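The next block holds one structure in the form of structure tokens; read it before the comments.
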Amino acid sequence: MRILQIVPSISLIYGGPSQMVLGLAPALAREGVEVTILTTNSNGDRGQKSLDVPLNTPIKQDGYEIIYFRSAPFRRYKFSLDLLKWLNFHAHKFDLAHIHALFSPVSSVAAAICRHQKLPYILRPLGTLDPADIRKKRQLKKFYALMLESANIARAAAMHFTSIQEAKISERFGVATRDLVIPLGVIPSQEDGESTLRQQWSIPVDVPLVLFMSRIDPKKGLNLLIPALEKLLAAGLNFHFVLAGTNPQDPDYEEKIKSQIYNSCLRSHTTITGFVTGELKSALLQAADIFVLPSYYENFGIAVAEAMAAGTPVIISDQVHICQEVHESESGWVSKLEVPTLTELLRIALQNPYECQRRGLRAKEYALQHYSWDAIARQMIEAYKNILVQR
């Protein structure tokens with residue numbers, strides 16, 4: 001099989017969507033699939049330098065190839081006319097396209113090209129069909145869907161959702177779809193830099209570390225988490241909070257959150273790292289005693305799965321769509337979207353280290369069994385084959 005993976009950007013600064021494609025591609029290649037990723041050199045939306053990569057030429061890595069195209073002229077929207085021209089010319093050489101993103105111009109036009117070229121394609125909406133997300137720009141999305149995306153959805157071979165809950169609540173704009181539910185995978189952390197990290201930031205070994213690692217965005221629930229942590233400090237609980245993440249699309253909100261922490265009692269109990277990757281990211285996931293993500297909506301939550309794979313118990317909201325899996329596997333705790341419940345669950349976790357340890361072990365066991373990239377690649381290949389046989 002020759003499979004195209006099309007994604008607006010694979011810069012890790014954009015978080016989950018990039019990690020998914022970079023995890024899936026080598027796993028598919030290990031199973032004998034020929035994979036080509038089409039993407040742009042976009043690397044942030046507010047003045048960051050573009051990725052320093054060769055353009056318009058295949059680059060071989062980890063058993064697959066990737067082709068970068070210049071993101072221009074609308075950098076914020078990660079648009080590339082060169083990518084679309086390449087796809088239009090080469091689409092007939094491939095068996096299927098897996099397109100990651102809706103309501104993104106390059107992905108939308110790519111799907112239209114696949115329709116025209118009669119290349120079957122799968123769409124992964126990345127949570128953009130969640131009613132909570134649609135409400136933010138309802139009229140614009142309705143118009144966009146009317147003009148382009150509804151036809152893309154209607155003609156897609158399948159819609160790839162990463163959780164049953166995401167598939168259940170997603171808007172379809174009146175179009176019937178074939179749903180494919182396959183979760184995301186994670187690469188377990190290998191490095192153990194916990195002691196070095198604590199020394200670097202002067203965090204005593206006996207002080208619990210509470211980790212938030214995600215994009216700093218209003219939907220992530222920091223307006224619930226910060227007051228909850230303040231209440232715990234006021235009640236005399238001792239911990240160290242690590243805020244790891246950034247927001248290249250809304251730096252003003254990021255600065256607002258930082259200012260809120262600097263002007264509160266949390267200031268002397270908090271380390272703000274900015275965007276993390278590589279060894280530092282692995283060390284943080286392993287050093288954390290509790291990972292917390294009280295999002296207002298989250299189609300999967302790749303950072304949650306990564307924390308689980310590192311053996312860290314999680315506290316998430318009931319709007320993170322793997323909350324049922326977390327609850328049933330006892331990998332952590334699930335909170336309502338309210339400060340009192342979140343505060344109470346954090347208090348329980350902080351005051352019961354042995355229970356945290358037990359749930360961390362359950363989390364690791366569950367993640368390694370269900371979020372292995374090799375296992376997910378095999379599920380994906382079976383789905384690809386079924387689509388091609390039916391067509």
Q.
Once you place label points 7 Å from the Cα toward the Cβ at Thr57 and Ser202, how far apart are they in nm?
A. 5.0
Q. Any idea what the dipole of the range 194-370 comes to, in debye rounded to 20, about its Cα centre with Lys/Arg Cβ at +1 and Asp/Glu Cβ at -1?
A. 260
Q) What angle do you read, to the nearest 10 degrees and between 0 and 90, between the alpha-carbon axis of helix 16-30 and the longest principal axis of the chain? A) 60
Q: Can you tell me which of 215-224, 381-390 comes out highest on packing, and rank the rest after it, using the mean Cβ neighbours within 10 Å?
A: 215-224, 381-390
Q) Quick one: helix 251-262 against the long Cα principal axis of the chain, what's the angle to the nearest 10°, folded into 0 to 90? A) 10
Q.
Under a crude label model (7 Å from the Cα following the beta-carbon direction), how far is Ile164 from Arg30 in nanometres?
A. 2.7
Q. Trp86 to Arg155: FRET efficiency via 1/(1 + (r/R0)^6), r the Cβ-Cβ distance, R0 35 Å, to the nearest 0.05?
A. 0.95
(Q) Angle check, please: helix 339-351 long axis (alpha carbons) against the longest principal axis of the chain (alpha carbons), in degrees 0 to 90, nearest 10. (A) 70
Q. Of Leu102, Ile182, Met213, which is farthest along the charge dipole of the range 88-228 in the positive direction, counting Lys and Arg as +1 and Asp and Glu as -1 at C-beta?
A. Leu102
Q.
Using all alpha carbons of the range 1-137, what is the percent of pairwise distances in each 10 Å bin, ordered from the shortest bin to the longest?
A. 12, 45, 36, 7, 0
Q | Long-range HN-HN contacts of Thr40 with modeled amide H, under 5 Å | A | Ser9, Ile10, Phe69
Q. Taking N as the number of residues in the range 194-370, what is its Cα Rg relative to 2.2 N^0.38 Å?
A. 0.94
Q: Determine the dipole magnitude for the chain: charges of +1 sit on the beta-carbon of Lys and Arg, -1 on that of Asp and Glu, nothing else is charged, the reference point is the Cα centre, and the result goes in debye to the nearest 20.
A: 1480
Q.
Starting from the Kirkwood Rh over alpha-carbon pairs, what translational D in µm² s⁻¹ does the chain have by Stokes-Einstein at 20 °C and 1.002 mPa s?
A. 99
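Quote to one decimal, in nm, the extra length available between Arg267 and Arg138 on full extension: 0.36 nm per residue of separation minus the C-alpha distance between them.
Roughly 42.7 nm would be gained on extension.
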Q: Among the lysines, select those whose C-alpha is under 19 Å from the C-alpha of Lys336, and discard any that sit fewer than 8 residues away in the same chain.
A: Lys219, Lys220, Lys231
**Q.** Positive-end residue of Gly311, Pro340, Leu388, charge dipole of the chain with Cβ unit charges
**A.** Leu388
Q.
In the range 194-370, if the dipole is taken from +1 on Lys/Arg beta carbons and -1 on Asp/Glu beta carbons about the Cα centre, which of His327, Cys265, Pro294 is farthest to the positive end?
A. Cys265
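Dividing the alpha-carbon Rg of the range 248-310 by 2.2 N^0.38 Å yields what?
Numbers: Rg = 13.4 Å, N = 63, 2.2 N^0.38 = 10.6 Å.
With N residues counted in the range 248-310, Rg over 2.2 N^0.38 Å equals 1.26.
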Q) At a Förster radius of 41 Å, what calculated FRET efficiency corresponds to the Cβ-Cβ distance of Arg391 and Arg347, to the nearest 0.05? A) 0.15
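Coordinate-derived values only; no laboratory data. Because the structure is a prediction, the values reported are computed rather than measured. Cβ: placed from backbone, ideal geometry, glycine included. Neighbour counts: every protein chain shown.
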